[in-house]
Amino acid sequence: MNVLVTGGAGYIGSHAVQRLLRDGHTVTVLDNLHRGHAQAVLPPAELIVGEVGDTMLVEKTLTDRKIDCVMHFAALAYVGESVEDPLWYYRNNTLQSINLISAIDRVGVQKMVFSSTCATYGEPAEDQLPLRETCPQHPISPYGRSKLAIEHVLFDYARACELKGKPFGFAAPRYFNVAGADRSGVLGEDHTPETHLIPVVLQAALGLRDGVKLFGTDYLTPDGTCIRDYVHVEDLVDAHVLLMDAIQPGDRRVYNLGIGRGYSVREIIESAKRVSGVDFDVEEVPRREGDPPSLYAEPSKISRELGWKAQISDVDEVVASAYHWYREHPKGYE
Ligand code: UDP
């Protein structure tokens, strides 16, 4: 297939490109390189530097490359940052995505995979855990809302296509916390700024930053710190390939992508200390706004329907995978 990967120079997108190339697809990447890295776009994928919301550029790309499927990864993805600058998040994640979908509509691309997030669930009640896809979506951060808005747009757009007899279907995988790096050691997670827990603790372990701040120790969780479901990036992109193949006209598919169990922030810190053998400093500080106490997936829907299951579910394995990349690339892609 001819696949357009938006955000293909970013962390998850670059791993998806690698996987698509391995499967023999023809890949075009659209990335503004704001947070992505040109070096992360593996040949022979073609890199087009531009905005997802540039409808003229996107329409031309979709037409010229005869794109069969758009995988839309490009987004800003930090909860804390979205609280500080919500307009930026809505412009970038919501408005630009609507422009992208408009271009898809005009050209008549039939398949789309949209990166959604467990942040769309907000702060689920205890009895909703582990989270099923049917859990009510009440996001508590601008990031979560900027993504949920696009799920709604896609549902409405796909329904309108169905009514018109226009072939279009989409899948919106809702990611839990994606971590790790590719097995071959070429790709990894390189964000500036970096605020995600696993990279931050590993950078502390490697002496690349002074210790770690632990946000909130007074949550109603067993050890008082937040619980998340850490899914390995290669497992995650495997799911995308399955989704792309499965999408049929009229499809409006949503799936939780996680391993199905949660780890606390303290458990991740302990894991990083075990994996690296380094006892770095941890400072306990107040909660970070926008962080729900507990999010972990009930991933059986995608397992039942498409046979996907995370191959890596041991937290030390996920952390070790990321650790090896940081050890080999202390300056990221630089
Ligand atoms: N976290 C932390 N210190 C950090 C970064 C993150 O204590 O330096 C916590 C954060 O408050 C959350 C969890 O780790 O409870 C996962 O945060 P991350 O930013 O990795 O992912 P998110 O769940 O926000 O998408």
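Normalise the Debye intensity by I(0) for the stretch 217-334, one equal point scatterer per Cα, no solvent, then take log10 at q = 0.11, 0.14, 0.15, 0.18 Å⁻¹ and round to two decimals. After summing over all Cα pairs, the log10 values are -0.49, -0.75, -0.84, -1.06. Fully extending the segment from Asp23 to Leu208 would add 63.0 nm, taking 0.36 nm per residue of separation and subtracting the current Cα-Cα distance. Net length available on complete extension from Arg65 to Arg91 is 6.7 nm, with 0.36 nm assigned per residue and the Cα-Cα distance removed. Relative to the longest principal axis of the Cα atoms of the chain, helix 11-22 runs at roughly 60 degrees.
Need one word for the stretch 26-72: rounded, prolate or oblate. Basis is the Cα gyration tensor (sqrt eigenvalues a ≥ b ≥ c); a/c below 1.5 gives rounded, then a/b vs b/c decides. Cα axes put the stretch 26-72 in the oblate bin. Hull volume per residue, based on the alpha-carbon atoms of the stretch 107-253 and their convex hull, is 156 Å³.
When every Cα-Cα distance of the stretch 1-44 is counted in 10 angstrom steps from zero, the calculated P(r) takes the values 36, 56, 8 percent.
Distance between the 7 Å Cα→Cβ label points at Arg274 and Glu46: 4.7 nm.
Summarising the amide proton neighbourhood of Tyr255: residues at separation of 5 or more, or on other chains, whose placed amide H is nearer than 5 Å comprise Ala172, Arg174. Our summary of shape: the Cα atoms of the stretch 218-282 have principal axis extents of 52, 29, 15 Å, ordered from largest down, in whole angstrom. Applying the Kirkwood pairwise sum to the alpha-carbon positions of the stretch 68-121 produces a hydrodynamic radius of 12.2 angstrom. Each peptide among 11-19, 318-326 gets the average number of other Cβ atoms lying within 10 Å of its residues, and from highest to lowest they stand as 11-19, 318-326.
From its DSSP helices (H runs of at least four residues, each -39,500 (n - 2.57)), the chain gives a residue-normalised ellipticity at 222 nm of -11000 deg cm²/dmol. The calculated Kirkwood hydrodynamic radius for the stretch 48-166 is 15.3 Å, given to one decimal from all distinct C-alpha pairs.
Using the alpha-carbon positions of the stretch 120-185, Rg (one decimal) and Dmax (whole number) come out as 15.6, 47 Å. Extension gain, Glu126-Arg327: 0.36 nm per intervening residue step, less the Cα-Cα distance, totals 68.6 nm. For the peptides 215-223, 70-78, residues were scored by their other Cβ atoms within 10 Å and the scores averaged per peptide; the highest-first order is 70-78, 215-223. The value for the chain of Rg(Cα) / (2.2 N^0.38 Å) is 0.95.
In straight-distance terms, cross-link reach from Lys301 covers every one of the lysines whose alpha-carbon lies under 18 Å from its own, apart from those fewer than eight places away in the same chain; here that gives Lys309.
Rounded to the nearest 10 degrees, the inclination of helix 233-246 to the longest alpha-carbon principal axis of the chain is 20 degrees.
Here, each number is a calculation from the coordinates, and none is a lab measurement. Not measured: the values here are computed from a predicted model. Cβ coordinates were reconstructed from backbone atoms using ideal geometry, including for glycine residues, and neighbour counts include every protein chain displayed.
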